[in-house]
Structure formats: C-alpha cells, structure tokens
Amino acid sequence: MNKLLFIFILAVTTGCSQKQNTTNTIGIQDFFWLEGDWEFKSENGIYYEKWQSTSSNFIAGKGYFISEKNDTLYSQKMKVIKEDENIFLILNAKNFNEDRDVKYKFINTYAGNDFFFENLFKDYPHIIKYSVLNDSTCTVLMQGNYNGKTKTESFQLSKK
C-alpha cells in the first residue's frame with residue numbers, strides 16, 4: 001500500500017514539474033499577437049476586446065459587450081503578465097467577483113497556437129483557452145462548472 005502511494009505521489013509531482021517546464025519556454029512576447037481590436041458579432045450584440053502591450057512583461061486589454069440597443073451589458077479589464085517564471089491572465093469584470101481580479105495561470109501551449117489558462121478555484125470559467133487560427137482570427141473557449149453542471153462556451157473573435 002505504501003509503495004502504491006509513493007508511486008502515485010511520484011507520478012503526480014513528476015507530471016506537474018513537466019507541465020511547469022513547458023510554461024517556462026514561453027514568454028510574454030508570445031502573446032503580442034493579441035494586440036489590436038477584436039470583435040465577435042452575435043444576434044444579441046457585439047463583444048469587443050482591445051489589447052495593447054505596455055511593456056515587455058505586460059499586455060493590457062478591455063473587453064465589453066454592447067447590446068443591439070447600444071447598452072453596455074458587460075465590461076472587464078484584462079491583462080497578461082509575467083510574474084517570476086509564470087504567466088497569468090488576469091480578469092476583472094465589473095459587478096462580478098466583488099470587482100476583484102481573478103487570476104488564471106498559463107498552463108500549456110500546443111504548437112504555439114493554443115494558449116490554456118487555468119484557475120481551479122473558480123467555478124466558471126476555470127479554464128480559458130485562446131486558439132490562434134490565423135493573423136486575424138482566434139477562438140476563445142471557456143469551460144467550468146455552472147449551477148452544478150459542466151458548461152462550455154466558445155466564440156470566434158475577428159481582428160478589425
């Protein structure tokens with residue numbers, strides 16, 4: 001029994017350290033593709049994201065949803081930052097989470113096109129993934145638990 005527990009702990013810690021090594025190979029400059037104005041049009045209105053790099057360790061953004069009646073239904077401040085050897089996506093949505101920052105740790109990228117962020121302490125979303133399709137298109141996927149059920153949302157942003 002103790003041998004099984006030791007093997008399990010060894011496998012988990014080895015797996016975690018391998019995942020962390022992947023994050024060390026990427027820098028904040030790998031997120032500069034976000035710079036610019038993005039939008040997603042739906043039948044209920046338009047969602048916008050505007051990103052700007054402000055330093056070599058920081059990219060700031062704003063996201064907001066404007067209804068077809070021209071009302072702002074949702075707004076948030078966003079940033080991608082590097083702290084120590086880690087990269088984080090930080091969101092601060094107005095009137096959510098007591099207007100506090102929610103920090104998502106960058107956990108992996110595959111072929112340089114998919115950028116995964118995770119916060120397992122947040123019910124929804126606890127995973128956010130940006131997938132670069134080309135220079136002017138990316139997909140955003142959000143996944144987590146909402147009202148006791150797994151919820152997944154995805155939308156495609158186009159660069160203006």
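The values are calculated or read from the model by the stated rules, or taken from the named source; none is laboratory data. Only a predicted model underlies this, so the values are computations on that prediction, with no experimental measurement involved. No Cβ is skipped: glycine too gets one built from the backbone with ideal geometry, and neighbour counts run over all protein chains shown. Just so you know, the surface numbers come from the protein's heavy atoms only, side chains and all, with ligands and any DNA or RNA stripped out. Shrake-Rupley method; radii C 1.70, N 1.55, O 1.52, S 1.80 Å.
Table: residues versus (1) under 17 Å from residue 33 (Cβ atoms); (2) without any contact (Cβ under 8 Å) to a residue 40 or more places away in the chain; (3) of a type in the set (Gly, Ala, Ser).
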residue	(1), (2), (3)
63	yes, yes, yes
77	no, yes, no
119	no, yes, no
123	no, yes, no
144	no, yes, yes
148	no, yes, yes
TODO: Can you give me the number of residues within the range 106-117 that are without any contact (Cβ under 8 Å) to a residue 60 or more places away in the chain and open to solvent by less than 80 Å² (accessible area, probe 1.4 Å)?
DONE: 4
TODO: Sort out which residues of the range 26-82 are in contact with a helix residue (DSSP H, G or I) (Cβ under 6 Å, 6 or more places away or on another chain), assigned to a strand (DSSP E or B) and either open to solvent by 60 Å² or more (accessible area, probe 1.4 Å) or on the phi > 0 side of the Ramachandran plot (or both), and write them in order of number.
DONE: 82
TODO: Scan the range 83-100 for residues that are in a strand (DSSP E or B), farther than 17 Å from residue 140 by Cα and hydrophobic (A, V, I, L, M, F, W, C) and report the count.
DONE: 1
Open item on the list: Please go through the range 113-139 and give me each residue that is in a loop (DSSP other than H, G, I, E, B), in contact with a strand residue (DSSP E or B) (Cβ under 7 Å, 6 or more places away or on another chain) and of a type outside the set (Asp, Glu), ordered by number.
Closed with: 113, 119, 122, 124, 125, 126, 136
- [ ] Looking only at the range 121-128, decide whether some residue is surrounded by 17 or more Cβ atoms within 10 Å (Cβ to Cβ) and touching a Leu at 6+ places or on another chain (Cβ under 7 Å).
- [x] yes
- [ ] Could you look through the range 150-160, keep only residues that are open to solvent by 80 Å² or more (accessible area, probe 1.4 Å) and in a strand (DSSP E or B), and pick out the one that is nearest to residue 37 (Cα to Cα)?
- [x] 156
TODO: Among the residues of the range 114-131, write down those that are more than 16 Å from residue 80 (Cα to Cα) and not acidic (Asp, Glu).
DONE: 120, 121, 122, 124, 125, 126
